[in-house]
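Accompanying notes for the structure given below.
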Amino acid sequence: MPVTGNIFDLKKFAIHDGPGIRTTVFFKGCPLECWWCHNPEGMNAEAECADAEYRRKAYDLSLPLDTNVIGPNVAVDTLMAELRKDSVFYMESGGGVTMSGGEPLMQHDFLVQLLDRCVASGIDTAVDTSGYAPWEELEEIIPLVTLFLYDIKLIDDELHTQYTGVSNGLILENLHRLCGAGGEITIRVPLIPGITDTDSNLHDIVRFLEPFERIEHIGLLPYNRIGEDKFERLGITYKPGRRTTQDGNELERIAGLFEQHGYQVSIGG
Ligand code: SF4
């Protein structure tokens, strides 16, 4: 039976969410509440009334969505028709479609149908996930996904709980299982100054990843304050406060920490 899902944004010609030119689909709803979230409008699972700023952006982007609400309900057919429009770019660049959010696995049935339809249409798929979902739901999508962009934020569980609202136990356990089950994985590390970019956390991540021989690629996501303004518009306190973005030297130093352990590192995706 066809299902519908709540999507709060579509990013066309994305070049940082997997290889080639891609369309990124932003699923509404996330079980985490990261202090630094870049897309706080995607955290709440329910559709919300759009403010003027969101409507203006949606208009500028010509989103094929109802721009009066954040996260309108969209049918798989409608979304597929939009995604297929750029098939030629995906094919020529080795790109495809990336499911992101929010947390795409929160809308599991919709995600499965959408991935299934992409695969049937010859469109390459990637899923950007926090890893915080029942293993059975993650396992079900493995045959439908070429690349997982898997976020690792903090290894210390107390800090993870403090800054994201949930324990990292399920996330780390799911990564173990995903590595054993196949599928290509890029680990993404958001670099939040003084929170996730500390030497102690980065060394913990390197140590944690050591047994996973199949993981070769790390994507470092430098801090930017894009979310700050959005939090303000949504009337939510931006808890990180004012923090300074890493400069080029610092990013190179952090990349070097991973490179010296044999990883290919990209900055920005
Ligand atoms: S996991 Fe991603 S989408 Fe969810 S709250 Fe954290 S940063 Fe935002």
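Quick look at the values:
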{"item": "Residues satisfying the stated conditions in segment 21-53, i.e. away from the ligand (no atom under 15 Å from the Cβ), of a type in the set (A, V, I, L, M) and part of a loop (DSSP other than H, G, I, E, B)", "result": "21, 47, 50"}
{"item": "Residue match in segment 163-182 (condition: among the hydroxyl-bearing types (Ser, Thr, Tyr), part of a helix (DSSP H, G or I), out of contact with any Phe, Trp or Tyr (no Cβ under 8 Å at 6 or more places or on another chain) and more than 13 Å from the ligand (Cβ to nearest atom))", "result": "no"}
{"item": "Cβ-Cβ under 6 Å pairs, at least 6 apart or on other chains, segment 257-269 side under 19 Å from residue 14 (Cα atoms), far side part of a loop (DSSP other than H, G, I, E, B)", "result": "268/16; 269/16"}
{"item": "Residue 106, sole failed condition from (1) part of a helix (DSSP H, G or I); (2) farther than 30 Å from residue 70 by Cα", "result": "(2)"}
{"item": "Among (1) touching a Gly at 6+ places or on another chain (Cβ under 8 Å); (2) surrounded by 15 or more Cβ atoms within 10 Å (Cβ to Cβ); (3) farther than 30 Å from residue 217 by Cα - the single one residue 106 does not satisfy", "result": "(3)"}
{"item": "Some residue of segment 221-235 being closer than 22 Å to residue 148 by Cα, under 19 Å from the mean Cα position of the chain (by Cα) and not aromatic (Phe, Trp, Tyr)", "result": "yes"}
{"item": "Condition met for residue 3 (more than 30 Å from residue 241 (Cβ to Cβ), in contact with a strand residue (DSSP E or B) (Cβ under 6 Å, 6 or more places away or on another chain) and in contact (Cβ under 8 Å) with a residue 60 or more places away in the chain)", "result": "no"}
{"item": "Any hit, segment 111-122, residues being assigned to a loop (DSSP other than H, G, I, E, B), of a type outside the set (Gly, Ala, Ser) and either surrounded by fewer than 23 Cβ atoms within 10 Å (Cβ to Cβ) or touching a residue at least 24 places away in the same chain (Cβ under 8 Å) (or both)", "result": "no"}
{"item": "All positions within segment 81-126 that are away from the ligand (no atom under 16 Å from the Cβ) and among the small types (Gly, Ala, Ser)", "result": "81, 87, 93, 94, 95, 96, 120, 121, 122"}
{"item": "Search result, residues across segment 233-256 that are touching a residue at least 40 places away in the same chain (Cβ under 8 Å), of a type in the set (Val, Ile, Thr) and either assigned to a loop (DSSP other than H, G, I, E, B) or over 17 Å from residue 190 (Cα atoms) (or both)", "result": "236, 244, 245"}
{"item": "Members of segment 127-139 found to be under 13 Å from the mean Cα position of the chain (by Cα) and within 12 Å of residue 111 (Cβ to Cβ), listed by number", "result": "127, 128, 129"}
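Okay, residues lined up against (1) closer than 22 Å to residue 261 by Cα; (2) touching a helix residue (DSSP H, G or I) at 6+ places or on another chain (Cβ under 8 Å); (3) crowded, with 17+ Cβ neighbours inside 10 Å; (4) modelled with pLDDT of 95 or more:
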site	(1), (2), (3), (4)
137	no, yes, no, yes
162	no, no, no, yes
165	no, no, no, yes
183	yes, yes, yes, no
197	yes, yes, yes, yes
200	yes, no, no, yes
232	no, no, no, no
239	no, no, no, no
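The values are calculated or read from the model by the stated rules, or taken from the named source; none is laboratory data. Keep in mind that this is a model prediction, so the values were computed, not measured. A quick note on method: Cβ atoms are made from the backbone with ideal geometry, for glycine too, and the neighbour counts reach across all protein chains shown.
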